[in-house]
Structures are given as structure tokens and as C-alpha cells.
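Colleague: I'd like to ask some things about the structure below.
Please treat every number below as a calculation from the coordinates, not as lab data. Bear in mind that the values here come from a model prediction, so they are computed numbers and not experimental data. Cβ placement follows ideal geometry from the backbone for every residue including glycine, while neighbour counts extend to all protein chains displayed.
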Amino acid sequence: MRKKIVAGNWKMNTVVPQGETLAKEIVGLSGEVPSDVTLIVAPPFTHLSRVAEALKGSRVALSAQNCADKESGAYTGEVSAKMLASVPVEYVILGHSERREYYGETNAKLVEKIKLALAENLSVIYCVGEKLEEREKGEHFNVIASQVKEVLFNLTAEQMSKVVIAYEPVWAIGTGKTATSAQAQEVHEFIRKTVAEKFGKDAADQTSILYGGSCKPGNARELFACKDIDGGLIGGASLVAGDFIAIAKSF
Ligand code: 13P
């Protein structure tokens, strides 16, 4: 059985004490969530050590939002996968559309990042998703196929077993415009089929594929009920502990 996962991507929100409080609130409510749901929070780099303390002994796992594409050395301002693993952090989000769009992250660069993260035994939440104009032109399947093939097809089966995929249509992120459950399911099924082309049906069936983009307590249940949707990568709603937990209770 593949894992059900609800992960909160805090993006560039909260200062450290707020992040610590939010993490504690989430831990406090986490008992309400069925035990087969993996809960993950992804605060900014500055928060990781303090949030790690707040999560200690709880069921909530810690993720970073990015890591460097280099191992170590003279790369001012970068944070390596090894540094993250030393916090310790268990997961890292890579390939988020905001990183691709605003920081020029290419598929080639993401291959490097993912390999470095996996080498440090981090699990990776790899994001894919089309822009509005790509969907309007009917190119979304091609875009997603390249994001999966040009990146994940460079991994071994063992490496792939540590990767979670998040489908986040760019037009649904922070816009209040959620993909319908039918639109999301269709893409999730396509992603799973694409993964199966390289890694086989069993591996594809074991891969968790999360939906992201204006996922909220009010729409999570319908999304999570879809056959190929294994949870959510939550932005805005993950900043309110009660909403994040309500989403995690929506399976
Ligand atoms: P929102 O939930 O704010 O739309 O963000 C989704 C997202 O980008 C999570 O990574």
C-alpha cells in the first residue's frame, strides 16, 4: 500500500517563533489524524532546527523546501542536502513551480538536486505541473511527461522508491482556483502510467502522488477520494494548524 501524505509547504511565511508555535499546534492536533496518514511540515531553512525540536517525539515529519545542486564549497547562500540531513530533516521539496519560474530551476538542475538529496538519505517531494497557457493549449500532458521523464527517469528503481510526486497545476496555486477532482485524477493517473513506463507497474503503484493547488478543508475530501490521489501538498491552508489537520482528516 502506498503512503497517504499531507505535507504543508509554508513557503516564505512566518518568522521563527511563529513557525515554532505553528509546529507545536500541529503536533497538538495530530492525534486526530488517522495513524496511516503521514504528516509533514516544510518550514523555511531558518526555522528547521527550532521546528525539529518542536516536532521531537511526535508523528510529524520535517521537510525543507529546497536544497543546493552542489555538494559543498564556495556557493554563498546555498544550503546543501548534507546540511539538511544533519538537522535532521527527512524530506525535501524539489522542483516547485515557484523555484522553476522565479529561480530558473531546470529539469537538468533538478536531477542534480534530487541525486544529492537521495545520497543523503532524504526523501524527495518532486513537484510537476503545467502553467495556465499550457493547459489552455492542451499541452499539459506533454509538459508533465517531460518533467517526469527528464528528471525521474534518471533515477534507479531504488532511488525512485524514496520519491513522492506532487502534481501542482500552476494556475491553481494560491489562486483559490482548484483543479476539479476529475482534472486532478486524470493527471495523477497519467503520472502513474508514465512512472510505470520506466519503473514498472508495481513501483508506480507504490509511488505516492499528491495534489497541490488551493487545497483546503472544503475540497480535500473530494480530491483525496480519487483513486490516484494519495494526499496533498498544501500551501496557504497549511499555515493554520486547524485547517491543515482538517485536510489531513479528509481521507
Ligand atoms: P496553495 O495551497 O497556497 O495554493 O499552494 C500550493 C502549493 O504550492 C504547495 O506547494
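Colleague: Quick check: net charge around Glu53, other residues with Cβ under 13 Å of its Cβ, Lys/Arg +1 and Asp/Glu -1? Show your work: numbers first, answer last.
Modeller: Numbers: positive: Lys24, Arg50, Lys56; negative: Glu20.
Around Glu53, the surrounding residues sum to +2.
Colleague: Can you give the log10 of the normalised intensity I(q)/I(0) at q = 0.14, 0.16 Å⁻¹, computed with Debye over equal Cα scatterers of region 164-251?
Modeller: Debye curve over Cα of region 164-251, log10 I(q)/I(0) at q = 0.14, 0.16 Å⁻¹: -0.45, -0.58.
Colleague: No solvent, one uniform scatterer per C-alpha: report log10 I(q)/I(0) for region 111-178 via the Debye equation at q = 0.15, 0.20, 0.23 1/Å, two decimals.
Modeller: With one equal scatterer per Cα and no solvent, log10 I(q)/I(0) is -0.54, -0.82, -0.95.
Colleague: Helix-only mean residue ellipticity at 222 nm, the chain, DSSP H runs n ≥ 4 weighted -39,500 (n - 2.57), per residue, nearest 500. What is it? List each step's numbers first, then the result.
Modeller: Values: 12 runs with 109 residues, N = 251.
Roughly -12500 deg cm²/dmol at 222 nm, from the helical runs in the chain.
Colleague: Over the chain, what is the relative contact order in percent, taking alpha-carbon pairs closer than 8 angstrom and at least six residues apart? All intermediate terms of the calculation are to be shown ahead of the outcome.
Modeller: Working: 494 pairs, mean separation 55.8, N = 251.
The value is 22 percent.
Colleague: In the chain, with Lys and Arg counted as +1 and Asp and Glu as -1 at Cβ, which of these residues, Ala184, Leu55, Ala248, has the Cα nearest the positive end of the dipole, that is, farthest along it?
Modeller: Leu55
Colleague: Net charge around Tyr211, counting only other residues with Cβ within less than 9 Å of its Cβ (Lys, Arg = +1; Asp, Glu = -1)? Write out the running numbers ahead of the final one.
Modeller: Numbers: positive: none; negative: Glu168, Asp230.
Cβ neighbours under 9 Å give a net charge of -2.
Colleague: Restricted to Cα positions, what overall size does the chain have along the principal axes? Three whole-Å values, descending.
Modeller: Ordered largest first, the chain gives principal extents of 45, 44, 34 Å.
Colleague: Need one word for region 83-227: rounded, prolate or oblate. Basis is the Cα gyration tensor (sqrt eigenvalues a ≥ b ≥ c); a/c below 1.5 gives rounded, then a/b vs b/c decides. Walk me through the numbers before you get to the answer.
Modeller: Working: a/c = 1.45, a/b = 1.36, b/c = 1.07.
Cα axes put region 83-227 in the rounded bin.
Colleague: Taking N as the number of residues in region 30-78, what value does Rg over Cα atoms divided by 2.2 N^0.38 Å take? Let's see the in-between values first.
Modeller: On the way: Rg = 14.2 Å, N = 49, 2.2 N^0.38 = 9.7 Å.
Taking the Cα Rg and dividing by 2.2 N^0.38 Å, one obtains 1.47.
Colleague: Per-residue counts of other Cβ atoms within 10 Å, averaged by peptide: what ranking do you get for 95-105, 49-59, highest first?
Modeller: On the way: 95-105: 17.3, 49-59: 15.5.
Peptide ranking by packing, descending: 95-105, 49-59.
Colleague: Restricting the calculation to Cα positions, tell me the Rg (one decimal) and the Dmax (whole number) of region 1-119 in Å.
Modeller: Rg, Dmax (Cα atoms, Å): 14.7, 45.
Colleague: Let me ask something else. Using only the Cα atoms of region 50-150, construct the convex hull and provide its projected area averaged over every direction, in square nanometres to one decimal.
Modeller: Details: hull surface 30.7 nm².
Computing the convex hull of the Cα atoms and averaging its projections yields 7.7 nm².
Colleague: What list do you get for Ser250, Ser208 if you sort them by fewest beta carbons within 10 Å? Show your work: numbers first, answer last.
Modeller: Numbers: Ser250 22, Ser208 19.
With the sparsest Cβ surroundings first, the list reads Ser208, Ser250.
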